[in-house]
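Let me begin by presenting the structure, written as structure tokens, before commenting on it.
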Amino acid sequence: MGVTQEQKKKRKKRLTIIEQVQEETAVQNAKEVTEALEELEKQGCQVDIQVCPRCKSPKVKRAKSTGGDMWAHIGILPPSYECPDCGWQERIVLKATNKRHNVREVEIIREAMDENDSGSK
């Protein structure tokens with residue numbers, strides 16, 4: 001018994017709904033992180049917040065070395081991070097910040113954006 005066309009359509013519709021919910025959650029998380037950074041800046045605190053690239057949750061934590069990240073524990077690889085909200089796990093994490101950038105950092109960001117723009121055309 002194979003999968004019918006109707007079952008495929010239902011599965012596709014469920015996946016679309018799940019993707020929409022995940023996107024809405026990511027937007028809401030991003031808004032909350034932005035608001036928190038703005039509030040901290042008003043208080044005079046400048047910080048970096050680690051953010052999950054998938055769901056934008058600020059709950060990202062470094063994976064424990066006992067959980068299989070021994071290479072990072074002994075310093076051979078960068079540490080692995082994980083998000084308890086969506087299950088994402090990688091060695092690279094995004095950071096949201098309210099710190100002011102120096103000239104060199106602004107140049108690096110501009111160059112990266114220029115390369116991204118030229119690569120997408």
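The values are calculated or read from the model by the stated rules, or taken from the named source; none is laboratory data. Being a predicted model, the structure only gives us computed values, none of them experimental. Cβ placement follows ideal geometry from the backbone for every residue including glycine, while neighbour counts extend to all protein chains displayed. We work out accessible area using only protein heavy atoms, side chains counted, and drop any ligands, DNA or RNA first. Shrake-Rupley method; radii C 1.70, N 1.55, O 1.52, S 1.80 Å.
Observations on the structure shown:
- Cysteines having no other Cys beta carbon under 4.7 Å from their own, within the chain: Cys45
- Full-extension gain in nm, Ile109 to Cys45, via 0.36 nm per residue minus C-alpha separation: 20.8 nm
- Per residue, the chain exposes an accessible area of 82 Å² to a 1.4 Å probe, with every protein chain left in place.
- For the chain, carbon and sulfur atoms together expose 53% of the accessible surface, with a 1.4 angstrom probe and every protein chain in place.
- Normalised per residue, the volume of the convex hull around the Cα set of the range 1-50 (Å³): 58
- Candidates Thr16, Gly87, Cys52 compared by Cα position along the dipole of the range 1-103: farthest toward the positive end lies Thr16, with charges placed on Cβ.
- Cα-based helix-to-principal-axis angle, 103-119 vs the chain, degrees rounded to 10: 30
- Relative contact order (%) - the chain, alpha-carbon pairs under 8 angstrom, separation at least six: 21
- A full extension of the chain between Leu15 and Ala96 corresponds to an added length of 26.3 nm, given 0.36 nm per residue minus the alpha carbon distance.
- Against the chain, whose longest principal axis is taken from its Cα atoms, helix 5-42 shows a tilt of about 20°.
- Taken about its Cα centre, the chain carries a charge dipole of roughly 680 debye when the Cβ of each Lys and Arg holds +1 and the Cβ of each Asp and Glu holds -1.
- Each peptide in 26-38, 52-64, 100-112 gets a packing score, the mean of other Cβ atoms within 10 Å over its residues, and the list from highest to lowest is 52-64, 26-38, 100-112.
- Taking every DSSP helix (H) stretch of at least 4 residues in the chain, weighting each as -39,500 (n - 2.57) and dividing the sum by the residue count yields a mean residue ellipticity at 222 nm of -16500 deg cm²/dmol.
- Where (1) 14.3; (2) 18.9; (3) 17.6 are the candidate values, the label of the one calculated here for Kirkwood radius over Cα pairs in Å is (3).
- Over 27 Å between alpha carbons, listed pairs Lys42/Lys64; Lys64/Lys95; Lys13/Lys56; Lys8/Lys31: Lys42/Lys64; Lys8/Lys31
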